[in-house]
Amino acid sequence: MHIPCIYLVILQIALVVKSDGADPIQAFVIPHSHMDVGWVYTVQESMRAYAVNVYDSVVEELSRAKHRKFIAVEQEFFRLWWDSAATKEHKQQVRQLLTEGRLEFIIGGQVMHDEAVTDMVDDILQLTEGHGFLYETFGIRPQFSWHVDPFGASSTTAVLFALAGFNGHLISRIDYDLKETMQRNKELQFVWRGSPSLGEQQAIFTHTMDQFSYCTPSQLPFSNRSGFYWNGVAVFPDPPKDGQYPNMSLPVAKDNIHSYALTMVKNIQQRAAWYRTRHVLWPWGCDKQFYNSSVQFQNMDPILEYINQHGEQFGVTVQYATLGEYFQAVHQSGLTWEVRGNQDFLPYSTEPFQAWTGFYASRNVLKGMARRASSQLHAAESLFVRYCVSFPDGPVPKEWALQKLRDLRWAVSEVQHHDGITGTESPKVADMYLKHLTSGMTGVEELTINLLSLSQDADSFGFTYKQNTDFTQEPGEQIVVYNPLAWNVTTYVNVTVTFSMATVYDDKGQPVPSQIQQAAESVSTYDLFIVVSLSGLQHRRYFIRPSASPSGHDSAHAARTVTFQRQSVSGRPPKTTGRRLLPVMNECYKLMVDQDTNLLHSVTDLQTKGTVRLTQDFGEYHSNGDVSEGPISDNYIFSTNGTAQAAYKSVGLEIIPGKIVTEIRQYFYREEKEEDYVYAVYTRVPVGFKGMMPCHRIEQSYRVGPLVVNREAVLRTTTDLRNNKTIFTDNNGYQMQKRLHRTFTNNTVARNFYPMVRMAYLEDELTRLVFLSERAHGVSGQSEGQLEVMLHRRLWNNQEWNLGYNLTLNDTSVVQPVLWMMLGTRAAMSELYQKGALALQHRPVVMCTSSTKGGRVPAASHSRMSALPVVLPPNLHLLSLSVPGWHYSSNHTKHLESMQQDEDRKMQPDFKRVLIRIMHLFEVGEDPVLSKPATINLKEVLKGLGEMTSVEERSLTGTWAASDIKRWKWKTTEDASSGATDVAGDQAGHSFRGVREYFSITISPKEIRTFFISFK
């Protein structure tokens, strides 16, 4: 319908006239640039094309006008600019803008991390690295989040930000239908109590962005060009020499300023209707913006001035603001807010057929590499602490060692980006992440082998370094095995060797139980399993001597492979199965293998004698790649028209009975007569570990791929447990979420997938079946008693947007993830599964050293570096033990004063300050014993490292002294119902209780307590 222009103008004015008696709307215009650390372009490409120009021009333009402001979000680009591109004048301008409060660092982490598939340890790491840099460089401690782009919101993130001292949390991407309801009911803001055990102690006020999210309205009614983006769209690989970018908005002039103002005011009024206060957060920016801040501010300045001049008419006032100023205004409103419990906002959908659940499994190789790098870093950090305490002037240069650790910290932090570990980036960006991780891991492996070498004789320091546990040359080899957990561990390690017989000795020259067998996927190598017993944070040496023939009872047990007839399973009627069952047992379980199908049949818990029917196989979802034929799957989105189809027609079987491990090998073939398998399951059942953790786990590794194009592969575990399709999955390894199966008009299958980072389980009234993972996957309960784990995806589609950015996920790799299964009563599994997940993530580190001369078994030797154990109670976990290297201060005021006196001084790393985080693993009421608060004496627990002399409790990232944290108190409906009379402005309660006399501390369920400690 055509509307005359004059009538349209009158209508627009009517829409923005102030309502009689209403307070004016106060709009906080927050300039920002969304700068993805990766996604389509590499970090280096982004720095060259626009990122350097963002910070150059922002600091220059803010310095020209006192009313202008800006928020900086992710630290990676800023740190690269600060270290390599910023001039001395730029640095002085930044410091001045921070002092004036016109430049504000938001989040402060290395990246804006994903919330679905990241592990909490890595979330904390990237936040700590960013905060350490900001505090050392500027004395800044961020207090607000800006999580505008992660694909769903985790309640764990809310807890971590509260523990870091944040006063406000901001999210955006939640289910489209839920957001519509929350907008309509003005429920977009609430107090989020992200942990049921911590409750209000670590609650945080949370603002959910409305349907416009973090970008300014992009289409103006009077122009075909982009809205409020006068600098246009960034150009790669280089900025245009003439300064003319695509899609530059029309410059503001006399003939269009009213139209610009009307568009902005109307949008502000629309947003205001969805919130309870008269304060409106109006984000001005979007992806890759403000690389020409001059043209941006020159055009926006007059619009803001025009609106304020007509404020009485519009009923709106506008101002440039930081996020902190907006949160402060909302806080000062004194309203009472609804409380949200620990339920997260996952999964996330943007439309009925756009469930963003595919990325839970995209780029499985990258997800695995990121977690392995994190585990390797965790082990090396604790070794470096021991070294710094034991060797104040040791032979390994501390500056060199810290740089190796920081390189890997940077790489692990970087890949946590919401378009990194998610697998939603372009292939060249995925390669960038892998390159940085590989380089960092190589450096830390070199450091680790040098630190572990100090346990040898004095003249053996600096022996030959080998990256892998693969012995191919010398007749006698040594390995060093390190336990990175602060618990005593008895388990086995697997070493790849090229000989078929061997004997293993410990560092006292005593024979060690071992087993050797042909490797699964190599005819020239063997798996050597060695039983190891290690105390917490302890390492030991083992010597491997190959032999041509068995040398008595000390030799490794030579396990032999038993091959069974390959079975066709396509079209097999159910009655032809279960007739020939073969048992595989250890002291905890009896597995029955069905020789009619070569599949698992059942598992019996030998403690309770309860049996669960259990079978496993592989299925594939068939994905559409043609947009003209319906919804598609891509890096982000999973879409399917039906259930997963069987991905095989026949199954091969081998069983290797052993004295340490019995292994079941199953090979799945697409066709009955095909020679090459596409799927394999290697199930290891530890033997001889009665009463120990390995007894309770069934260890499985998988080989998946290469897949056919437009296939999404799942491992299906089908049981007779009656769980009503309900499953439980973890939130970033911190806490569990109950996932009820939901039915939708469209896309029910895809919208019932959830992220599993460390663990998932299903249960009935008596029994729980747990799955533990060393990388993230998507999981779902599509049928009664069933759990699907999506292991791999290979996709291509013809959607123009995906093709333009090369985001089609044509992943041809073969992936080899690992899952551990645990089965038992709900009570027994509650006691074990958290420790089991950590045992999988932090398996003993095995490092090869050079051979001993002449193949001689080494005599017992004494360590030059302290190797006394560090052991915590079973309900406490040593989350972090590191030398951060950043310059913190117990006296924040003195820290700021010293910085002002010498802003340009070069900070030397601080090697004496040790950071330790201890976490309580259990929820309130989860276990009758282990859920109780645990009291320990830090000095006593850590005496294995050295004599502790001081301890100071800190915030999660170390930048706040616990006693200095004064988080805002927000009035809630629960306060009102309980009769509480808190007033806005009061300080929030928190769990920082300090350290009692003689270094004694108490840690309550799900608490994470952070300390700085020093040693004599």
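Values quoted throughout were computed directly from the atomic coordinates according to the rules given, and no laboratory measurement underlies them. Just so we're clear, the structure is a prediction, and the values are computed from it rather than from any experiment. Using ideal geometry, Cβ is built from the backbone for each residue, glycine included, and neighbour counts are taken over all protein chains shown.
Using packing as a proxy for protection, rank 256-269, 778-791, 499-512 so that the peptide with the highest average count of other Cβ atoms within 10 Å comes first. Don't skip to the answer; put the middle values down first.
Numbers: 256-269: 20.8, 778-791: 22.9, 499-512: 17.7.
Ranked by mean Cβ neighbours within 10 Å, highest first: 778-791, 256-269, 499-512.
Could you pull out every residue, at least 5 positions away or on a different chain, whose amide H is within less than 5 Å of the one on ASN724? Hs are placed 1.01 Å off N in the peptide plane, and Pro or chain starts have none.
GLY785
Would you count, across region 616-841, every pair of lysines whose alpha carbons are under 23 angstrom apart, provided the pair is eight or more residues apart or spans two chains? Kindly include the intermediate steps, with their values, before the conclusion.
Values: LYS649/LYS673; LYS659/LYS690; LYS690/LYS835; LYS725/LYS738; LYS738/LYS835.
Step by step, the pairs that qualify in region 616-841 add up to 5.
Put +1 on the Cβ of every Lys and Arg and -1 on every Asp and Glu Cβ in region 136-260; which of LEU163, TYR176, GLY139 then has its Cα farthest towards the positive end of the dipole?
GLY139
Would you please give the FRET efficiency between ASP964 and THR438, computed as 1/(1 + (r/R0)^6) with r the Cβ-Cβ distance and R0 = 35 Å, to the nearest 0.05?
So the FRET efficiency works out to roughly 0.30.
Extending each Cα 7 Å along its Cβ direction at TYR176 and THR608, get the distance between those two points in nm, one decimal.
4.3 nm
Rounding to the nearest 10 and keeping the result within 0 to 90°, find how far the Cα-based axis of helix 398-415 lies from the longest principal axis of the chain.
With rounding to tens, the tilt is 70 degrees.
Amide H to amide H, which residues 5 or more places from TYR679 or on other chains are under 5 Å from it, using H placed in the peptide plane?
Here the answer is PHE668, since their amide H atoms fall under 5 Å of that of TYR679.
Along the charge dipole of region 5-353, pointing to its positive end and built from +1/-1 on Cβ of Lys, Arg, Asp and Glu, which listed residue (GLN270, GLN44, GLY243) has its Cα farthest out?
Final value for the positive-end residue is GLN270.
Per-residue ellipticity at 222 nm for the chain, helices alone: DSSP H runs ≥ 4 residues times -39500 (n - 2.57), over residue total, nearest 500 deg cm²/dmol?
Helix-only estimate at 222 nm: -7500 deg cm²/dmol.
So which lysines pass the test for LYS254, namely a Cα distance under 27 Å, with those fewer than 8 places away in the same chain ruled out?
Straight-line reach from LYS254, under 27 Å: LYS18, LYS66, LYS69, LYS266.
Quickly rank 305-312, 702-709, 286-293, 135-142 as a protection proxy: mean count of other C-beta atoms within 10 Å, highest first.
So the peptides 305-312, 702-709, 286-293, 135-142, ranked by packing, come out 286-293, 135-142, 702-709, 305-312.
Below 14 angstrom from the Cβ of PRO631, what's the summed charge of the other residues (Lys, Arg +1; Asp, Glu -1)?
Numbers: positive: ARG751; negative: GLU351, ASP626, GLU629, ASP634, GLU712.
Result for the local shell: -4.
Report the extension gain between ASP287 and THR350 in nm, rounded to one decimal, defined as 0.36 nm multiplied by the number of residues separating them, less their alpha carbon distance.
Details: separation 63, 0.36 × 63 = 22.68 nm, distance 1.86 nm.
Contour length minus the Cα-Cα distance gives 20.8 nm.
Output ³J(HN,Hα) for region 96-106: one whole-Hz value per residue in order, computed from phi by the Karplus curve 6.51 cos²θ - 1.76 cosθ + 1.60 with θ = phi - 60°, and x for Gly and Pro.
Ordered by residue, 3J(HN,Hα) equals 5, 5, 5, 4, 7, x, 9, 10, 10, 8, 10 Hz.
When volume of the Cα convex hull per residue in Å³ is calculated directly from the model, which label among [x] 183; [y] 227; [z] 390 fits?
It is the value labelled [x].
Work from the charge dipole of the chain (Cβ charges, +1 for Lys and Arg, -1 for Asp and Glu, about the Cα centre) and give the residue of GLN908, ALA837, CYS215 farthest towards its positive end.
Farthest towards the positive pole: ALA837.
Lysines near LYS906 by alpha-carbon distance under 25 Å, same-chain residues fewer than 8 away left out - which ones?
LYS906 reaches LYS88, LYS91, LYS398, LYS404, LYS894.
Using a Förster distance of 35 Å, how high is the FRET efficiency between VAL523 and THR748, based on the Cβ-Cβ distance and rounded to 0.05?
About 0.15, to the nearest 0.05.
Given charges of +1 on the Cβ of Lys and Arg and -1 on the Cβ of Asp and Glu, with all other atoms neutral, how large is the dipole of the chain about its Cα centre, in debye to the nearest 20?
Once rounded to the nearest 20, the dipole reads 1680 debye.
Could you order the peptides 81-89, 427-435 from most to least packed, using the average number of other C-beta atoms within 10 Å per residue?
Final packing ranking: 427-435, 81-89.
Residue separation times 0.36 nm, minus the C-alpha to C-alpha distance between ARG184 and HIS553: what's the value?
Separation in residues times 0.36 nm, less the Cα-Cα distance, equals 125.3 nm.
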